[in-house]
């Protein structure tokens, strides 16, 4: 039964007989027509009203026929995707040529490699899908690396300036490698393993998203780099062995698949070559939260099934590397054996603990060839930076290649990443006296950098006070009217984000009995935060993915990377602490191009000084969507107060002062009353406090009486007969 109908049983609202109900088009009702956010025929039609979109004279838009799949399960598994045949401009001929190719070797999904595209066709695809790939640095050869070690600092600086002047046309140059238009071509074009090609087809992946379309060719085949990367690239190497990549792509655009397919393919290629490799893990994938790490490992295992590649989640108690053996060590047999795996997936803290040996020394990881940072802006943020760099520096392999992925990556994070890569290569060259060549450094940006997905509805609601926010959230739980043609209500299941753990727990207690018993009652609402045990967090995640929980209250713990395909909306009960936090929060809905998601942001008087951060992101998203109605008019954006850099920094680090923590609230009782999540009146709270005080006083009196009796029993006076 529809969750909204169950929630509407206890509410009586005005009838809407004259209005037709809006057809159900929400992320949980079915599969998306196309996983791509830009460039498809459907998106082109929806963006037709955009004032920035230019249409050439004589161009016609062909309507695409889409075969609708079966209805998606509440949170959907690996159902087959719909492939929308899109042919506009020069790519129409390319698509038709690919479809006409016969099957190769009798395989069902393997077709002959498509005809090579011209540069004009590649440029057209990149422009239409809003892809921008930039060459930030050429690959260094061995001679250049050796000269860099022996020369002085002034000579290095002078040579660097001369080199940039010589290759000025290549540095910061936009490039257009041939995109991957179909997962069925990966085997014939890049030679991926038959087992992995079978796994990709069984998971239902057919049409690549924008980030997969652009990143897979350069990470799967070194030949794609030979024409522009500089230096000598061996033909036997994969693209991932020859390039460092920085990727910025929207939430839900398939970044996990974009780095896991090349990673598994590279490890399989290393085994085929049978080169002398150091025993131990060959790749490390770092994520900021345990939930995201588990998700990455699960997706990787589906792709690596029957390939021989082992993927392991690092847990407490695991040990990496071999402990130094000493003669006469009686406890050698009792030591925990090191984990044997090809790919380790972990958070930086957990992996750092696993690297610590019994003697307290950190284990080096010379066998690791690939390092992937998912949500790289968080991992290189001061909160995780020390732990991340500890893992990065422990990898002493000179052939290490790194890739960083996120939906938001500022210029400071980009510069920090380049500096870390360069410093690591220089230090290894000095320590070993052997030149360490640097790989070509690429940057891929999909869409508008650091922007929210345009395929969801963004709303901002002024609630004035905490009581107003609570009423607004209850209004979302119990809407007064059924959906109409002019409204897109927030349907269950959805996520509710708060600023602190204390506020998440308080909001859960307040809403615990708001869902009617007929709809499941208290079992339909839950809370998830980092203070819960691992087993409790896993249980909540499982129930939410299964559809047993409809309203999940959480902190920013679930704001990044976690994929819930059937989430219909997101409620920011507390304002995000930054524009990047807003982008990641609302990205939990509208995954893989699904339409109909809703993002509601509630704000009060305390939030007004910081509203412009979120308002600018929403304005950019609505501009990309090309919708006629404006969520935030221009006059409102102009009237909002500007946010200073200092205020942004404090907000990001500490959040809104009034909602910071319980200790802060105790210092200011008036402020605590304004920001408390509760519907109890002041009289009820006074009575509860008086009752609590009376109970505590009675306990103290009893303790005093007991202590007095013990003293009397120990004295010389024996009492009366």
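Assorted remarks:
- Filtered by the rule that a residue be at positive phi and in contact (Cβ under 8 Å) with a residue 24 or more places away in the chain, the stretch 505-534 gives a lone residue, 520.
- The one condition in (1) farther than 28 Å from residue 255 by Cα; (2) outside any strand (DSSP E or B) that residue 526 fails to fulfil: (2)
- All positions within the stretch 369-391 that are surrounded by fewer than 23 Cβ atoms within 10 Å (Cβ to Cβ) and closer than 27 Å to residue 429 by Cβ: 369, 371, 385, 386, 387, 389, 390
- Here residue 256 passes the criteria (1) part of a helix (DSSP H, G or I); (2) under 13 Å from the mean Cα position of the chain (by Cα); (3) more than 19 Å from residue 589 (Cα to Cα) except the one numbered (3).
- Odd one out for residue 575 among (1) in contact with a helix residue (DSSP H, G or I) (Cβ under 8 Å, 6 or more places away or on another chain); (2) more than 29 Å from residue 412 (Cα to Cα); (3) at pLDDT below 95: (2)
- Figure legend. Inter-residue proximity from the stretch 422-434: first residues in the same structural domain as residue 402 (by TED's automatic domain parsing), second residues at pLDDT 90 or above and part of a helix (DSSP H, G or I), beta-carbon distance below 9 Å, spacing 6+ or different chains. Indicated pairs: 424/392; 424/393; 427/393.
- From the list 594, 565, 560, the one residue that fits, being touching a helix residue (DSSP H, G or I) at 6+ places or on another chain (Cβ under 7 Å) and buried (at least 24 other Cβ atoms within 10 Å of the Cβ), is 560.
- Identification of helices (runs of 4 or more DSSP H) wholly contained in the stretch 647-721 with 1 or more residues that are under 38 Å from the mean Cα position of the chain (by Cα) and at pLDDT below 55 yields 662-667, 669-675.
- Given (1) touching a helix residue (DSSP H, G or I) at 6+ places or on another chain (Cβ under 7 Å); (2) crowded, with 18+ Cβ neighbours inside 10 Å; (3) at pLDDT 90 or above, index of the condition residue 306 fails: (2)
- Filter result for the condition that a residue is touching a strand residue (DSSP E or B) at 6+ places or on another chain (Cβ under 6 Å), at pLDDT 90 or above, buried (at least 19 other Cβ atoms within 10 Å of the Cβ) and closer than 25 Å to residue 38 by Cβ, over 401, 443: 443
- Any hit, the stretch 150-158, residues being modelled with pLDDT of 90 or more and in a helix (DSSP H, G or I): no
- From the list 207, 241, 224, 277, the one residue that fits, being assigned by TED's automatic domain parsing to the domain that holds residue 130 and modelled with pLDDT of 90 or more, is 207.
- Scanning the stretch 181-192 for residues being closer than 19 Å to residue 256 by Cβ and surrounded by fewer than 20 Cβ atoms within 10 Å (Cβ to Cβ) gives a total of 0.
- Some residue of the stretch 421-438 being at pLDDT 90 or above, at negative phi and within 18 Å of the chain's Cα centre (by Cα): no
- Residue in the stretch 161-187 that is modelled with the lowest pLDDT, counting only those that are part of a helix (DSSP H, G or I) and in contact with a helix residue (DSSP H, G or I) (Cβ under 9 Å, 6 or more places away or on another chain): 163
- Qualifying residue in the stretch 496-503 (condition: modelled with pLDDT of 90 or more, in a strand (DSSP E or B) and surrounded by 18 or more Cβ atoms within 10 Å (Cβ to Cβ)): yes
The values are calculated or read from the model by the stated rules, or taken from the named source; none is laboratory data. This structure is a prediction, so every number in the text was calculated from the model and none was measured. Here Cβ is always computed from backbone atoms with ideal geometry, including for glycine, and neighbour counts include all displayed protein chains.
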